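Taking it in order: structure first as C-alpha cells, then the write-up.
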Amino acid sequence: MKKVTYIEAITQALYEEMERDEKVFLIGQDIGLYGGVFKATKGLMDRFGAERVIDAPISEVYIAGGSVGAALVGLKPVAEIQFADFITPSMDQIIQQMAKMRYRTGGSWTCPMTIRVCCGGEVGGGLYHSQINEQWFFSQPGLIVVLPSTPYDAKGLLKSAIRGNDPVIYFEHKRLYRSVKEEIPDEDFTVPIGKAAIRKEGKDITLVAYGLMCQKTMEAIETLEKDGISCEFIDMRTLRPWDRETILESVKKTSRAVLVQENSKTGGVMAEVSATITEEVFDYLDAPISRVCGLDVPMLPFAPPMEHFFLPNAEKIVRVVKKVMEY
Amino acid sequence: MEYKVIVPPLGESVVEGTIVKWLKNEGDPVKVDDPLVEVMTDKINVEIPSPHDGVMKKHLVAPETVVEVGAEIAVMEVEGEVEQARTFQVKPDDGRERIPKEQELKAPPEEFVGTTEHHAHMGIHADEAAIEGGIKAVKSSPVVRRLAREHFIDLRKLSGTGKSGRVSKADVLKYIEMRHSVDIVRPDFVFPTAEPEEIIPITGIRKVIAEHMVRSAFTIPHVTTFDEADMSALVSWRRRNVDKIETLHGVRITYLPFIAKAIIFAARDFPWMNATFEGDNLHVKKYFNIGMAVARKNSLIVPVVKHCEQKSLLEIAREMRELGDKAEADTLKIEEITGGTISITNAGVMGALGSTPIIAAPQVAILGVHKIVEKPVVRDGEIVVGPILNFGLSFDHRVIDGGYAVQFLRKMIEFLEDPDSWLLSVI
C-alpha cells in the first residue's frame, strides 16, 4: 500500500495497462514530450515510445476520429482531451460514430476506446478551463460515462474503461488531481463500471454526488451529523449507466434525498436521478427531492468570489438539507 | 440404592412443567408421599410426591427449568431394592398437535407484525373511509399516505411535527410503534406516577395464558354469533326463589346453572357443539363437562364442572362455588381444570354487554354470557320493558357451520325463555 494522488493513480493505470496490453496506446495534445499539461502522462513516452504515446495536433476532432478508426481496426486507444471546454469540435466523432457504432452495425463492430477528459472548476481557470460538460455525454445512449472522486476509483475505473469493449468517456476532475491522496493496493485491481459507492451509511436523508462535489458533501455531512441528522452518502462514480438500485434502495430507507451537482441545474445528471426517484419510489418519499447545483449561467466565472458564488459548497448543501429535513 | 425421581404424568395434554422450587433440600430425609418439588404447568402448580421413603440426595435441575413429563429431576437414596421409575416421553401422537417448545413462547414472527392478520389480532381493522378521510384531511407526504394505508391509520389521530403541522414519516412510525407496544396483556396496570412508562415482564401463568390465547386464536377460525334472550320468566322465577333456596340449601343460585342446563338441552338437537376437535377427528361427547371461566387476581382459569347432565341445578351451583373458591386459593387440582367439553365465560358480571370469546382448544365452542339489561321489547304488539341477555357464541368454523351454531344458540335461548317446560326435570 502506498499513498498516491488522484493524478498519480491515473498515470499508474495508464502505465500498467500499456504494460499489460500492447494494443493500448495514448493520443492527445502535449501528452508525449511534455508529459501532459497536468503531467498525467509524464514518463510514458520514454517508456513506450512515440508510436504508443502520440502527440496530436491541436485538433480534437482528429484525436477522437483517429481513435475511433484505430479502435475499429483492433487497437485500444486512450485519447486525452486536455480540457472538457474544448471537447465540442470532437462531438461529431463521439456522438455520431463512437457512441453509435455498436448499435448501427448490429453489434458487428464495437469501439473499445477511452477518452480521458480533464474537467471541472474551482481552480481559478476562468471561462474555458473550468467547465465540466458531463451532461452532454450522460444523455447519450451508447456511451459509458464515469467520473471518479478518489485515487482508488480513478485507477480502478480507468482500468475497467480500458479493458472494456465499449467507448468510455472518462472524466477526471482537475481540482482533485493533487488535492486528494490515499493508500491504494500495490496489486492489480479494477472498480466495476455501473456501481455506486456508499461512502457513509445513515438513516435520515440520502445525499448523492460525484466528482469534486463528493468532497463538498462530506464536508457538509460533518456539520449535519453534529446537528443530529444521520446522512447516507452515495458517490455515483459511474454516471452512465448510473446505479439506480443503490440510490433507490437508499431513498426507500431514508425517504428524503438531496442531490449535489457541480454543473448548472437545468437538464443535468441530478435532474434525471430526481425524476427516476419520483417515478420509482414515490410512495417512499417524505419530502420533495432537492438539488444543490451550479447556477444556470453560460460558464463558470473567473473572479474567485464569483466562482465561489457559482459553485455548490458545504454551506449551501447544509442549508438545503436542513430545509428538506424540516419539511 | 439410588432412586431417580422423574416428572410423573401431570394431567391430560400436559407435556411439560417449570420447576418452581424444591421442597426437599439435598440431604433432607423424605417420607413416602412427602411433596418433593413444586412444578408449574400450563394451568396449575402441582407438588410432586415422593414415591418412597429415603433421603434427597441430589437435585438434577434448578428452579425455573422447564422439564418434560418423564424427565429425571432428582436422585434419592432409598432403603433396599425398589423398582426404578421408568423414564418415558409423552407420545407426540396423543391426539393433540405438539407445538415445539421454543415456538410456543416466541413472540409473533417479525414478518407477521404489521400484516393484516396481526392487525386483526390486535383488533385494528381497515376502515377505508376513515383512512382515506384522514389522508384527505391531513397534509402528508407519499410515504405517510402509503404507511397509513398499509397500517390502517386514520391520520387525523396523529399530531404532526412537520412543517406547519404536517404529519411526517417519523410521526407515523412513532404512532405505529406506540400502537404495537400496547398489544401486551397488562395485569394490574397501575398508572405510572413519575416514570413515563412501566415495564411489566409477562411471565409465569400470564405468559402461558398469552401463549394459549395465541394458539387458539390462530389455529381455530373463530366465528361469533350473537342472539338475545328475553330473561323475564327466569328473572322472576329466580327473584321469587333465590332467598328461599339460600336459606334451605346454603347456596345463592345464579343464572349460570340454568344456562348450563339450557346448553345441554339444546345440544340434544345440535350434538356437535359439545365436542373436541383433535387431529382429524371430531370427538362428539355424550357427557357435559362444562368449563366456567373464573377470573383470578392476575389470571383467568377455567375450572370444569364434570357431568353437568347428571347434576341438579343446585349441585352445579354448589360445585361452581367450590371451584371458584379453590381457584381463588390457588388449590385447584389438575383434574379439576381439564377435560372440558364446552365452556361458558361470563363477562356480564363485570358489566359487559357483548364479547367474542376465544375458544379453549380443543373444544369447539364457548358461550359468552353478558349483563342482563332492561330493554324495550315487543310483546303481543306492545313495547314493554324486558330483561335482555345478549349471548355471544364463538365456534370453530372448521367443523361447525354457521347455521348450525346459530340454530343451537336460538334453541338454547328458547329453553331459557321458557324455564317452566323443563325446570322440574332438573331440580
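The values are calculated or read from the model by the stated rules, or taken from the named source; none is laboratory data. Predicted model only: the values in this text are computed from it and were never measured. Cβ atoms come from the backbone with ideal geometry, glycine included; neighbour counts cover every protein chain shown.
Would you check if there is a residue in the range A:14-25 being among the hydroxyl-bearing types (S, T, Y), out of contact with any strand residue (DSSP E or B) (no Cβ under 9 Å at 6 or more places or on another chain) and assigned by TED's automatic domain parsing to the domain that holds A:I132?
For the range A:14-25, residues among the hydroxyl-bearing types (S, T, Y), out of contact with any strand residue (DSSP E or B) (no Cβ under 9 Å at 6 or more places or on another chain) and assigned by TED's automatic domain parsing to the domain that holds A:I132: present.
Of the residues A:A271, A:A287, only one is part of a loop (DSSP other than H, G, I, E, B), under 14 Å from A:L259 (Cα atoms) and either away from every other protein chain (no Cβ under 14 Å) or of a type in the set (A, V, I, L, M, F, W, C) (or both); which?
Testing whether each residue is part of a loop (DSSP other than H, G, I, E, B), under 14 Å from A:L259 (Cα atoms) and either away from every other protein chain (no Cβ under 14 Å) or of a type in the set (A, V, I, L, M, F, W, C) (or both) leaves just A:A287.
Looking only at the range A:299-327, count how many residues are within 14 Å of chain B (Cβ to nearest Cβ), surrounded by 13 or more Cβ atoms within 10 Å (Cβ to Cβ) and among the charged types (D, E, K, R).
2
For the range B:195-211, name all the residues that are surrounded by fewer than 17 Cβ atoms within 10 Å (Cβ to Cβ) and either in the same structural domain as B:A262 (by TED's automatic domain parsing) or of a type outside the set (A, V, I, L, M, F, W, C) (or both).
B:E195, B:P196, B:E197, B:E198, B:P201, B:T203, B:G204, B:K207, listed by residue number.
Which of the following residues is without any contact (Cβ under 8 Å) to a residue 40 or more places away in the chain, away from every other protein chain (no Cβ under 14 Å) and either of a type in the set (K, R) or more than 21 Å from A:L176 (Cα to Cα) (or both): A:E249, A:E279? Walk me through it before giving the result.
Numbers: A:E279 fails: away from every other protein chain (no Cβ under 14 Å).
On inspection, the qualifying residue turns out to be A:E249.
Looking for something touching a residue at least 40 places away in the same chain (Cβ under 8 Å), more than 19 Å from A:P148 (Cα to Cα), within 14 Å of chain B (Cβ to nearest Cβ) and of a type in the set (S, T, N, Q) - is there at least one such residue anywhere in the range A:254-267?
First pass over the range A:254-267, keeping only residues touching a residue at least 40 places away in the same chain (Cβ under 8 Å): A:254, A:256-263, A:267.
Going one step further and asking which of them are more than 19 Å from A:P148 (Cα to Cα), we end up with A:254, A:256-258, A:267.
When the remaining residues are screened for being within 14 Å of chain B (Cβ to nearest Cβ), the result is A:254, A:256-257.
Pick out the ones that are also of a type in the set (S, T, N, Q) and you get A:254.
Checking the range A:254-267: at least one residue is touching a residue at least 40 places away in the same chain (Cβ under 8 Å), more than 19 Å from A:P148 (Cα to Cα), within 14 Å of chain B (Cβ to nearest Cβ) and of a type in the set (S, T, N, Q).
Would you point out the residue of the range A:37-67, among those that are more than 17 Å from A:D92 (Cα to Cα) and touching a Cys at 6+ places or on another chain (Cβ under 9 Å), that is surrounded by the most Cβ atoms within 10 Å (Cβ to Cβ)?
A:A40
Just the residues that are outside the structural domain of A:D21 (by TED's automatic domain parsing), within 15 Å of the chain's Cα centre (by Cα) and among the hydrophobic types (A, V, I, L, M, F, W, C), please, taken from the range A:173-192.
A:V191 - this is the single residue of the range A:173-192 that is outside the structural domain of A:D21 (by TED's automatic domain parsing), within 15 Å of the chain's Cα centre (by Cα) and among the hydrophobic types (A, V, I, L, M, F, W, C).
Yes/no matrix, rows are residues, columns are (1) in contact with a His (Cβ under 7 Å, 6 or more places away or on another chain); (2) farther than 18 Å from B:I205 by Cβ; (3) outside the structural domain of B:A360 (by TED's automatic domain parsing):
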{"position": "B:L10", "(1), (2), (3)": "no, no, yes"}
{"position": "B:K21", "(1), (2), (3)": "no, no, yes"}
{"position": "B:G27", "(1), (2), (3)": "no, yes, yes"}
{"position": "B:V32", "(1), (2), (3)": "yes, yes, yes"}
{"position": "B:E38", "(1), (2), (3)": "no, no, yes"}
{"position": "B:E47", "(1), (2), (3)": "no, no, yes"}
{"position": "B:M56", "(1), (2), (3)": "no, yes, yes"}
{"position": "B:E64", "(1), (2), (3)": "no, no, yes"}
{"position": "B:G70", "(1), (2), (3)": "no, yes, yes"}
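Please verify whether A:D235 is within 28 Å of A:L300 (Cβ to Cβ) and among the acidic types (D, E), treating the condition exactly as stated.
yes
A:A287 fails exactly one of the following numbered conditions: (1) of a type in the set (A, V, I, L, M); (2) surrounded by fewer than 16 Cβ atoms within 10 Å (Cβ to Cβ); (3) more than 27 Å from A:P192 (Cα to Cα). What is the number of that condition?
(2)
Could you count how many residues in the range A:190-218 are part of a strand (DSSP E or B) and hydrophobic (A, V, I, L, M, F, W, C)?
Total satisfying the criteria: 6.
Identify all residues within the range B:362-410 that are surrounded by fewer than 18 Cβ atoms within 10 Å (Cβ to Cβ) and charged (D, E, K, R); write none if there are none.
If the condition is that a residue be surrounded by fewer than 18 Cβ atoms within 10 Å (Cβ to Cβ) and charged (D, E, K, R), then B:K371, B:E374, B:K375, B:R379, B:D380, B:E382, B:R398, B:D401, B:R410 are the ones that fit.
What about B:M231, is it at pLDDT 80 or above, more than 14 Å from chain A (Cβ to nearest Cβ), closer than 30 Å to B:V373 by Cβ and in contact with a Gly (Cβ under 8 Å, 6 or more places away or on another chain)?
Yes.
Within the range B:171-194, track down each residue that is at pLDDT below 85, surrounded by 12 or more Cβ atoms within 10 Å (Cβ to Cβ) and touching a Lys or Arg at 6+ places or on another chain (Cβ under 9 Å).
B:V185, B:P187
Where in the range A:19-138 are there strands (runs of 3 or more DSSP E), lying fully within it, with 1 or more residues that are under 21 Å from A:S149 (Cβ atoms)?
Values: elements: A:24-28, A:53-55, A:76-81, A:114-119.
Once the strands (runs of 3 or more DSSP E) in the range A:19-138 are filtered for at least 1 residues that are under 21 Å from A:S149 (Cβ atoms), what remains is A:76-81, A:114-119.
Going residue by residue through the range B:293-313, is there one that turns out to be crowded, with 17+ Cβ neighbours inside 10 Å and free of Cβ contacts under 8 Å to residues at least 12 places away in the same chain?
Yes - at least one qualifying residue is present in the range B:293-313.
Pairs needed: first member in the range A:130-146, outside the structural domain of A:C293 (by TED's automatic domain parsing); second member anywhere, among the basic types (K, R) and surrounded by fewer than 21 Cβ atoms within 10 Å (Cβ to Cβ); C-beta distance under 8 Å; at least 6 residues apart or different chains.
From the range A:130-146, the pairs are A:G142/A:K100; A:G142/A:R102.
Determine which single condition A:I234 fails, assuming it passes every other condition in (1) among the β-branched types (V, I, T); (2) closer than 25 Å to A:L72 by Cα; (3) not in a loop (DSSP other than H, G, I, E, B).
Condition not satisfied by A:I234: (2).
Report yes if B:G27 is on the phi > 0 side of the Ramachandran plot, under 35 Å from the mean Cα position of the chain (by Cα) and either at pLDDT 90 or above or not in a strand (DSSP E or B) (or both), otherwise no.
no
Determine whether the range A:53-62 contains at least one residue that is under 20 Å from the mean Cα position of the chain (by Cα) and touching a residue at least 24 places away in the same chain (Cβ under 8 Å).
Yes: the range A:53-62 contains one or more residues that are under 20 Å from the mean Cα position of the chain (by Cα) and touching a residue at least 24 places away in the same chain (Cβ under 8 Å).
Of the residues A:I229, A:I221, only one is assigned to a loop (DSSP other than H, G, I, E, B) and not acidic (D, E); which?
Details: A:I221 fails: assigned to a loop (DSSP other than H, G, I, E, B).
After ruling out the rest, the residue left standing is A:I229.
Looking at (1) modelled with pLDDT under 90; (2) assigned to a loop (DSSP other than H, G, I, E, B); (3) closer than 26 Å to B:Q407 by Cβ, find the lone condition where B:K297 falls short.
B:K297 satisfies every listed condition except (3).
Which ones in the range B:147-170 are of a type in the set (D, E, K, R) and surrounded by fewer than 19 Cβ atoms within 10 Å (Cβ to Cβ)? Spell out how you get there, then give the answer.
Of the range B:147-170, the ones of a type in the set (D, E, K, R) are B:149-150, B:154, B:156-157, B:163, B:166, B:169.
B:R149, B:E150, B:D154, B:R156, B:K157, B:K163, B:R166, listed by residue number.
Mind checking whether some residue in the range A:38-45 is touching a residue at least 60 places away in the same chain (Cβ under 8 Å) and not polar (S, T, N, Q)?
Looking for residues that are touching a residue at least 60 places away in the same chain (Cβ under 8 Å) and not polar (S, T, N, Q), one finds at least one in the range A:38-45, hence yes.
Against the definition (charged (D, E, K, R) and within 14 Å of chain B (Cβ to nearest Cβ)), how does A:D296 come out, yes or no?
Considered against the rule, which asks whether it is charged (D, E, K, R) and within 14 Å of chain B (Cβ to nearest Cβ), A:D296 comes out as no.
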